[in-house]
Amino acid sequence: MASSVLTDLPGTVEAANPYVTAQRQFDQAAAILQLDPGLRAVLREVRREFTVNFPVRMDNGSIRVFTGYRIQHNLTRGPAKGGIRYHPQVSLDEVKALSMWMTWKCAVTNLPYGGAKGGVICDPGQLSMQELENLTRRYASEISILIGPESDIPAPDVNTNQQTMAWIMDTISMEKGYSIPATVTGKPLSIGGSEGRPAATGRGVMVVTMEACKRLGWEPQQCSVAIQGFGNVGSVSADLLQGQGFKVVAVSDVYGGIYNPDGLDIPAVLAHHAATGRVGGFAGAREEISNSALLELPVTILIPAALENQFTMQNAARIQAKLVVEAANGPTTPEADDIFHQRGIVVVPDILANAGGVTVSYFEWVQDLQSFFWEEEEINARLTRIMELAYRQVDELAQQHRTTLRMGAYCLAVKRVADATAVRGIYP
Ligand code: GLU
C-alpha cells in the first residue's frame, strides 16, 4: 500500500470555497460584458448535479461506501467534457467549480464542448490496485446514465490516469455490449487513445509560457522557474520548459520540494522520481524546501501545478515571481488575484494555461469517432496553433477592456457561451 495523497500544500480546499471563487470570477466578467441578467442567471449556476453513494468490496472482504459526483455545468456548445479526480478533499462545491471552469476552458479554445467534472472522495494512496479498480468500475456504472460520446466525456484529472480511463471505457462498453472508445479520453493508445495526450497539458503550459515571455520581452535563458506539483502536468511542464532553455530551479511533489538556484537537471529529477516516488532526496538539489516556501522563491516564473487555493490573502504579497502560469485549476483566490494585479504580476489564467489537455482530448474524441488516427507531429502542431490563437485573442480582449488576462479569457469564453445560449433560445 502506498501512503496518503494528503499534502503539505499551503492552502487547503476549505480555505476558500472554489465555487464561490468561480462565481465571483464569472460575475466580474458578466459585468464587463454587460451580460443580460437572464443569461447571467443561467450561466452562473451548474445545470446538473449528480451525487452517488456506492459500495465497494475491499481486499479484506468488507464493504465500504464511497461518495462521488458528476456535475455538468453547461451543454450549450456540445457534449459536456471534463476530468474525474480522486482525492480526500473532493467536495460538491469543488466539483461544481471545476465543471464551470471546464465550460470556459472549452470555450476559450473554441472546442465544441460544454463543461463537466467528476470526483470521488477517497484517498487513492490508501487503496490497492484491486480496490481502485472496483471503485472506478462501480463509480463509472453509477454515473453511466450521463456518460457517452454524445453526452458527457470524462478524462483524467488529479490522481486518475490512463488505467482509470481504460476501466471506465470497459465498464461503459460492457454495459452497452460493444466497445465505445469515444466515451472517455486520456485512454491508453491500445484502446483508442491519442498520441500526445499524456504530455498535452504540460505542452500547452509550455506554449503559453513562451507566448507570455514573448510579450514581456523575456528570453527563456533569462528566466528562472519554480513549479509546484510533479504529477502529469508539473513534470512534463518542467521537462518541456527546460528543453526551451528556461532554468527550472525548484520543483515539488506532495511530500515537499527541492531547490537549486543554479538550475535542476530535470531529466535526472524525472529518473530519481521514477525510481523513488518523490523528488526529495535528489542529489542535485541544494536545499529541500516546503511547498509553501517554493511559492515564495525569488524566481521569474511560478507555475502552480497542484490543487486550488495556493495563492491567498496570506501569501500573495510575498510572491516574488513576475509571471504566474496556472497549470492547476483554481490556484488563485480572487483576493490574491487583486493583489497580483496591483503588484503588476502577470497571471496566465487556468482556463487558458491548462487547456492543452482538453484540446488533445478533443483530438482523441474526433479520432475515435472517425476511427482514423493522426501522428504525434500533427497533434502537437494543431495543439500549438490552438493555444497560440487562444492566447492572442485573450490578450487582445484584456487590452481592449484594460483588464487582466483572466478577465480577457472570461470575456472571450462567456461571450461565446452566452451567444450560443441566446441564439438557441429557451426551451420549450
Ligand atoms: N482534467 C483536465 C482539465 O482539468 C482535462 C479534461 C479533459 O481532457 O476533458 O482540464
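We did not get these values from a lab; they are worked out from the coordinates using the rules stated. Quick caveat: nothing in here was measured; it's all calculated off a predicted structure. FYI the Cβ positions are ideal-geometry reconstructions off the backbone, even for glycines, and counts take in every protein chain you see.
Considering only Thr384, Trp374, Ile351, the residue lying farthest towards the positive end of the dipole of segment 336-413 is Ile351, judged by Cα position with unit charges set on Cβ.
With semi-axes defined as the square roots of five times the eigenvalues of the C-alpha gyration tensor, the equivalent ellipsoid of the chain measures 30, 27, 21 Å, largest first. The average projected area of segment 68-148, computed from the convex hull of its Cα atoms over all directions, is 5.4 nm². Extents of segment 231-298, taken as max minus min of Cα coordinates on every principal axis and listed largest first, are 28, 26, 21 Å.
Is the shape of segment 61-207 rounded, prolate or oblate, going by the alpha carbon gyration tensor and its root eigenvalues a ≥ b ≥ c, with a/c under 1.5 for rounded and a/b larger than b/c for prolate? It comes out rounded by the Cα gyration axes.
Using alpha-carbon pairs under 8 Å, 6+ residues apart, how would you state the relative contact order of segment 107-198 in percent? Can you show the working numbers first?
On the way: 86 pairs, mean separation 21.6, N = 92.
Taking the mean separation of contacting Cα pairs over the length of segment 107-198, I get 23 percent.
The charge dipole of the chain, taken about its Cα centre with unit charges on the Cβ atoms of Lys, Arg (+1), Asp and Glu (-1) only, comes to about 900 debye. Distance from the C-alpha centroid of segment 29-79 to that of segment 249-286: 36 Å, rounded to the whole angstrom.
Placing a pseudo-label 7 Å from each Cα along the Cα-to-Cβ vector at Gln163 and Asp338 gives an inter-label distance of 4.6 nm.
If R0 is 22 Å, the Cβ-Cβ spacing of Ile145 and Tyr427 corresponds to a FRET efficiency of close to 0.60.
Taking each residue as 0.36 nm, the span from Gln400 to Met174 lengthens on full extension beyond its C-alpha to C-alpha distance by 76.2 nm.
Across all Cα atoms of segment 281-428, the radius of gyration (one decimal) and Dmax (whole number) stand at 18.7, 65 Å.
Relative protection proxy for 236-247, 38-49, from highest mean packing down: 236-247, 38-49 (other beta-carbon atoms within 10 angstrom). With a cut-off of 9 Å between beta carbons, the residues surrounding Trp101 carry a summed charge of +1, where Lys and Arg count +1 and Asp and Glu -1.
Of Met169, Met210, how do they rank once you tally other Cβ atoms within 10 Å and put the fewest first?
Values: Met169 27, Met210 21.
Fewest to most other Cβ atoms nearby, the residues stand as Met210, Met169.
Of Lys214, Lys415, the sequence from fewest to most neighbouring Cβ atoms within 10 angstrom is Lys214, Lys415. Our summary gives the chain a relative contact order of 18 percent, counting only alpha carbon pairs under 8 angstrom and 6 or more residues apart.
Just from its helices, what would the mean residue ellipticity at 222 nm be for the chain, if runs of 4 or more DSSP H residues each count -39500 (n - 2.57) and the sum is divided by every residue, rounded to the nearest 500 deg cm²/dmol?
On the way: 14 runs with 191 residues, N = 428.
Only helices count here, giving -14500 deg cm²/dmol.
Report for segment 75-225 the percent antiparallel among DSSP-assigned beta bridges with both residues inside it, nearest 5.
That works out to approximately 10 percent antiparallel.
Straight-distance candidates among the lysines for linking to Lys176, with alpha-carbon spacing under 27 Å and chain neighbours fewer than 8 residues away dropped: Lys81, Lys117, Lys187. Electrostatic tally near Val423: other residues with Cβ closer than 15 Å to its Cβ, Lys and Arg +1, Asp and Glu -1, net +2. Remark: spin-label model distance Asp36-Glu219 equals 5.3 nm, labels positioned 7 Å along the Cα→Cβ axis. Fully extending the segment from Glu388 to Ala271 would add 39.0 nm, taking 0.36 nm per residue of separation and subtracting the current Cα-Cα distance. Here the simple spin-label model places points 7 Å from the Cα toward Cβ, and for Thr67 and Gln130 these points are separated by 2.9 nm.
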